[in-house]
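Here the structure comes first, spelled out in structure tokens, and everything after it is commentary.
The values are calculated or read from the model by the stated rules, or taken from the named source; none is laboratory data. Keep in mind it's a predicted model, so treat the numbers as computed, not measured. Cβ: placed from backbone, ideal geometry, glycine included. Neighbour counts: every protein chain shown. What goes into the accessible areas is simple: the full protein's heavy atoms, side chains included, and nothing from ligands, DNA or RNA. Shrake-Rupley method; radii C 1.70, N 1.55, O 1.52, S 1.80 Å.
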Amino acid sequence: MSHLYVLYEHAAGYSLFSVKEFEEISMFLPQVESSVTDISKFNSIVKLVGFSPFKTAIAALENINAISEGIAPQDLLVFLDDFFAKVKKKKCTLGIADAKLGAAITESIGVQCSHFGAVPEIIRGIRFHFHRLVKGFTDKSAGIAQLGLGHSYSRAKVKFNVHRSDNMIIQSIALLDQLDKDVNTFSMRIREWYSYHFPELVKIVPDNYLFAKTAKYIKDRKSLTQDKLEELEEIVMDSAKAQAIIDAAKMSMGMDISIIDLMNIEMFAERVVRLSEYRKKMATYLHNKMEAVAPNLQSLIGDQVGARLISHAGSLTNLAKYPASTVQILGAEKALFRALKTRSNTPKYGLLYHSSFIGRAGLKNKGRISRFLANKCSIASRIDCFLEKPTSLFGESLKKQVEDRLKFYESGEIPRKNIEVMKEAMEAAEKEVKNNASEAQTLKKKKNKKKKRKAEDMENGTVVKVDTTNGNANEQEANGTIIEDTSVVKTEGEPKKKKKKKKNKDLEA
């Protein structure tokens, strides 16, 4: 007959409970579920047999981090080994919440673990009545322990670095894609809407952003005269186009439109213009973030393709872990699995297709260059992820290698080896680090010199203060009054020294 013990991990420590009449309980599971909330009934089933508190808050955090990853911590193994050494392990079953942790305990100690049947309900009851089952515990103290560990665990999990955060890249590229769709949709709508009134403007100004700005400025085409030519030139940035708009407005075949309709068109055009401007700002923000987080990947394949790779992988760390073959088809998972299912040709590229290198390659060499580019992307992402001081030198070298490979496919010119290129890049990076360090030292020296000069000036400098209570300074000088400065740098706790006045002896006589 096997005996059931249940392990419960609390913020205060590990606790082990023995369960009475385990086999009978498992047969009457609905009755157990209903009696979990009743302490008198639950206390007759469960009994505390062992408790191992955490020594410090750091130890608690380390243990809980290990448990969350399915690893059995050393403190837990020691506690369980000491307990099960007294009992026959073969006749015991250990109830546990996490299956991965159960497998790790079974491998280390050799105790059979279970996480199904009545075990989840018993653990639920232990969690509900824990402060009553352990002596010296109250509901308040248990809550404080859980809150403290919860905060420290969350803080450790959310490792947020302001300067090198790839989460911002993921969000900004998603927003940029959404903005592109919205701006295109709204531009199409403003074109159709304003073309009822001024249909000739679409052919003269084909650009979406400029069309919205022009429509916002023109409003009613009948009000467009030769006086507005200069302002139109500023918007369209072409004198011929501006003149063509004025000429077309005079001979337009569009319908007349009411003031209310024009007001709505103007408001909508203003929204489209603002969205387009915000899209430009977002592109600049993404460029700056990519420079800070993944400068090598950015210099190799550009802002948007690099950001899409990071977004699709989930993070820069995940992208760095991927092999080059996975990076190559990242974004073409559906096509890959379809090809594997139908036993047809697998896709040559995914998100990398948007790179300019693949567009420049010939039809026969697209697969080759995509494979080579994926290899360089994986190297660049690993350098960005694990390099302490970010630099774009490696990315520029890798980009040059891809350019050389393209030339090799076109003309047959043999490119340089990867070892030579990487050695040169490493030497250049070391020089850059040394130069930065020397610049930082010179800046520190300059600052220290400035501080010393200020301190010396404060010690040796004299500040003359004229007392104008008994008349002007000129009058005092005429009377022969000489004001000496006895000002000393005031320190904390020192009394202020009075300024002495000396008069000329001849005048006194």
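Applying a threshold of 8 Å to beta carbon distances and a minimum spacing of six or more residues, or different chains, the list of pairs starting in segment 312-336 at a residue that is touching a residue at least 24 places away in the same chain (Cβ under 8 Å) and closer than 12 Å to G350 by Cβ and ending at one that is open to solvent by 30 Å² or more (accessible area, probe 1.4 Å) and not in a helix (DSSP H, G or I) reads H312/G331; Q328/K348; Q328/Y349. The residue of segment 248-285 that is most open to solvent (accessible area, probe 1.4 Å), among those that are more than 18 Å from R221 (Cβ to Cβ) and among the small types (G, A, S), is A283. Restricted to helices (runs of 4 or more DSSP H) entirely inside segment 1-114, those with at least 3 residues that are at pLDDT 80 or above, open to solvent by 40 Å² or more (accessible area, probe 1.4 Å) and closer than 26 Å to D139 by Cα are 57-68. The listed residues are I109, I64, and the only one of them that is touching a residue at least 60 places away in the same chain (Cβ under 8 Å) and of a type outside the set (D, E, K, R) turns out to be I64. Would you say S223 is modelled with pLDDT under 90, surrounded by fewer than 17 Cβ atoms within 10 Å (Cβ to Cβ) and over 47 Å from the mean Cα position of the chain (by Cα)? Here the answer is yes, as S223 does meet what is asked. If the condition is being closer than 22 Å to I369 by Cα and not charged (D, E, K, R), then segment 328-344 contributes Q328, I329, L330, G331, A332, A335, L336, A339, S344. The C-beta contact set for segment 254-273 (first residue under 17 Å from L201 (Cα atoms) and in contact (Cβ under 8 Å) with a residue 40 or more places away in the chain, second residue in a helix (DSSP H, G or I) and open to solvent by 100 Å² or more (accessible area, probe 1.4 Å), distance under 6 angstrom, 6+ apart or interchain) is empty. Do the conditions hold for R308, that is, is it closer than 20 Å to F357 by Cα, basic (K, R) and out of contact with any strand residue (DSSP E or B) (no Cβ under 6 Å at 6 or more places or on another chain)? It is true that R308 is closer than 20 Å to F357 by Cα, basic (K, R) and out of contact with any strand residue (DSSP E or B) (no Cβ under 6 Å at 6 or more places or on another chain). In the set (1) among the hydrophobic types (A, V, I, L, M, F, W, C); (2) under 22 Å from H3 (Cα atoms); (3) open to solvent by 40 Å² or more (accessible area, probe 1.4 Å), F128 fails one condition alone, (2). Contact map, segment 68-92: residues that are within 13 Å of G110 (Cβ to Cβ) paired with residues that are open to solvent by 30 Å² or more (accessible area, probe 1.4 Å), Cβ distance under 6 Å, separation 6+ or inter-chain. Pairs shown: A72/S108; L77/S108; K89/G110; K91/S2; C92/H3. Within segment 176-199, the set of residues being crowded, with 18+ Cβ neighbours inside 10 Å and either outside any helix (DSSP H, G or I) or more than 43 Å from the chain's Cα centre (by Cα) (or both) comprises H197, F198.
The requirement of being crowded, with 22+ Cβ neighbours inside 10 Å, farther than 20 Å from P295 by Cα and not hydrophobic (A, V, I, L, M, F, W, C) is fulfilled somewhere in segment 365-373, by at least one residue.
For every residue, the table says whether it meets (1) assigned to a loop (DSSP other than H, G, I, E, B); (2) open to solvent by 40 Å² or more (accessible area, probe 1.4 Å); (3) farther than 22 Å from N184 by Cβ; (4) touching a strand residue (DSSP E or B) at 6+ places or on another chain (Cβ under 8 Å).
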site	(1), (2), (3), (4)
K203	no, yes, no, no
P206	yes, yes, no, no
F211	no, no, no, no
T214	no, no, no, no
D227	no, yes, yes, no
L232	no, no, yes, no
I235	no, no, no, no
Q243	no, yes, yes, no
I246	no, no, yes, no
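Residues that are open to solvent by 90 Å² or more (accessible area, probe 1.4 Å) and in a helix (DSSP H, G or I) within segment 386-410 comprise F386, E396, K400, K407, E410, listed in sequence order. When I379, I419, I383 are checked against the criterion of being over 17 Å from L297 (Cβ atoms) and either open to solvent by less than 90 Å² (accessible area, probe 1.4 Å) or among the hydrophobic types (A, V, I, L, M, F, W, C) (or both), I419 stands alone in meeting it. The residues on offer are A244, A249, A212, and the sole one that is aliphatic (A, V, I, L, M), in contact (Cβ under 8 Å) with a residue 60 or more places away in the chain and under 14 Å from F198 (Cβ atoms) is A212. For segment 340-358, indicate whether the set of residues that are surrounded by fewer than 13 Cβ atoms within 10 Å (Cβ to Cβ), on the phi > 0 side of the Ramachandran plot and at pLDDT 90 or above is non-empty. There is at least one residue in segment 340-358 that is surrounded by fewer than 13 Cβ atoms within 10 Å (Cβ to Cβ), on the phi > 0 side of the Ramachandran plot and at pLDDT 90 or above. Being outside any helix (DSSP H, G or I), closer than 17 Å to Y14 by Cα and not aliphatic (A, V, I, L, M), is that true of even one residue in segment 119-135? Among the residues of segment 119-135, at least one is outside any helix (DSSP H, G or I), closer than 17 Å to Y14 by Cα and not aliphatic (A, V, I, L, M), which makes the answer yes.
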